[in-house]
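Here's the structure we're looking at; comments come further down.
The values are calculated or read from the model by the stated rules, or taken from the named source; none is laboratory data. Not measured: the values here are computed from a predicted model. Glycine also receives a Cβ, built like all others from the backbone with ideal geometry; neighbour counts cover every protein chain displayed. Ligands, DNA and RNA are stripped out before the accessible areas are found, and what is left, the full protein with its side chains, is counted by its heavy atoms. Shrake-Rupley method; radii C 1.70, N 1.55, O 1.52, S 1.80 Å.
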Amino acid sequence: MGKIVLTRVDSRLIHGQVMTKWVNQVQANKIVIVSDELANDEFMKSIYLLSAPAGITVDCLTAADAVKSYKDDVFGEGRILLLLPSLQVLETIFNAGVKVDSVQVGGLGGGPSRKVVFQNITLDDADAKVCEDLSAQGVSIVFQTIPEDAPQDVATILKKYRG
Amino acid sequence: MSESNAEILLLTHGGWGMSLVKGIEMLLGKVDFVHEIPLEPSYTLPEYMQMVKEHAEAMTPDSLILTDLIGGTTSNVAAVVGNQTGIKVFCGLNAPMLLEACVELQNDGALDFDAVLAAGQGACMDVVAAVRSTMAQKA
């Protein structure tokens, strides 16, 4: 059985902030990326495998495989950093049974219908709804890019979004 | 003078590469074959990928992309673009690496890729320890 030590939503997936900060901060030794797109892109997948620091394994799973692997044995073994590209993927796997109890939103990119809510994190209406729905089901959602920043709670963020 | 149109493209977090270029220009004068696409915090991965792709499509195959950090978005994007275009990508950008590449383009008009990589790899040294060790050998 693995232990999920951090669930992070970050559209850049593995990148500088995750590698230099969060992996150490939460003492993860395995990163599980859930992305249908990436799981089917051998080259991109290899980039992530190559750039993982020594002692850190990286798995890329489709959403369906991730749900299965979670139900089997919580992604095998190790201290797991579960990395998701979007709140939609979070909602999909949560509803399919991946019942994480806390989530960090660390980076969601821009777009015409999106509004900046904290640093470089943006939301649109669909994202805001996911935050609301999951919060209502007891999931603790915070917004935080790096450990040095104070985490922002979801109520504050949603107020900002609607303000 | 430069014979080819080879170009050096820097990809760095926050755009520190252009500060490095200013430093290099103190030594070499103008190096206008060096360009940079800074990774700004607000860029999404697809946005940055698109910017780098568009720029790289206009680069000649004997050009070079230098990135700052393996595992960072700059290198991840460059790996994809390099794989598609055939343009070489080196990570771990530092002053001696860029200096070597600029000297080669200024003098020969072409890059010696092995030499550029070696210049970057050999750049780090414990200076005082190295000096002391040299002194001890002489004594």
Scan of segment A:70-95 for residues that are surrounded by fewer than 19 Cβ atoms within 10 Å (Cβ to Cβ), more than 27 Å from B:Ser75 (Cβ to Cβ) and more than 14 Å from the chain's Cα centre (by Cα), ordered by number: A:Lys71, A:Asp72, A:Asp73, A:Val74, A:Gly76, A:Glu77, A:Asn95
Give segment B:33-69 a look and list any residue that's at pLDDT 95 or above and among the acidic types (Asp, Glu), or say none. B:Glu36, B:Glu54, B:Glu57, B:Asp62, B:Asp68
Which pairs do you get when a residue that is closer than 15 Å to A:Gly163 by Cα, found in segment A:112-135, comes within reach of a residue that is basic (Lys, Arg), reach meaning Cβ atoms under 7 angstrom, with the pair 6+ apart or on two chains? A:Val117/A:Lys160; A:Thr122/A:Arg114; A:Thr122/A:Lys115; A:Leu123/A:Arg114; A:Leu123/A:Lys115; A:Asp124/A:Arg114
Just to confirm my filter: which strands (runs of 3 or more DSSP E) fall fully inside segment B:1-120 and include at least 2 residues that are touching a residue at least 24 places away in the same chain (Cβ under 8 Å) and open to solvent by less than 10 Å² (accessible area, probe 1.4 Å)? B:8-11, B:64-67
In segment A:48-81, anything of a type outside the set (S, T, N, Q) and within 14 Å of chain B (Cβ to nearest Cβ) is listed as A:Tyr48, A:Leu49, A:Leu50, A:Ala52, A:Pro53, A:Ala54, A:Gly55, A:Ile56, A:Val58, A:Cys60, A:Leu81
Within segment A:121-143, can you find the residues that are surrounded by fewer than 17 Cβ atoms within 10 Å (Cβ to Cβ) and assigned to a loop (DSSP other than H, G, I, E, B)? A:Asp124, A:Gln137, A:Gly138
Of these, B:Ser19, B:Ser4, which one is under 19 Å from B:Ala115 (Cα atoms) and of a type in the set (Gly, Ala, Ser)? B:Ser4
What is the number of the single condition among (1) more than 25 Å from A:Ala128 (Cβ to Cβ); (2) in contact with a Leu (Cβ under 9 Å, 6 or more places away or on another chain); (3) in contact (Cβ under 8 Å) with a residue 60 or more places away in the chain that A:Met1 does not meet? (2)
Could you run through segment A:1-30 and say how many residues are of a type in the set (A, V, I, L, M) and crowded, with 22+ Cβ neighbours inside 10 Å? 7
For segment A:96-119, enumerate the residues that are within 15 Å of the chain's Cα centre (by Cα) and not charged (D, E, K, R). A:Val98, A:Val100, A:Ser102, A:Val103, A:Gln104, A:Val105, A:Gly106, A:Gly107, A:Leu108, A:Gly109
Take A:Val26 and decide whether it is more than 14 Å from every other protein chain (Cβ to nearest Cβ), out of contact with any helix residue (DSSP H, G or I) (no Cβ under 9 Å at 6 or more places or on another chain) and modelled with pLDDT of 95 or more. yes
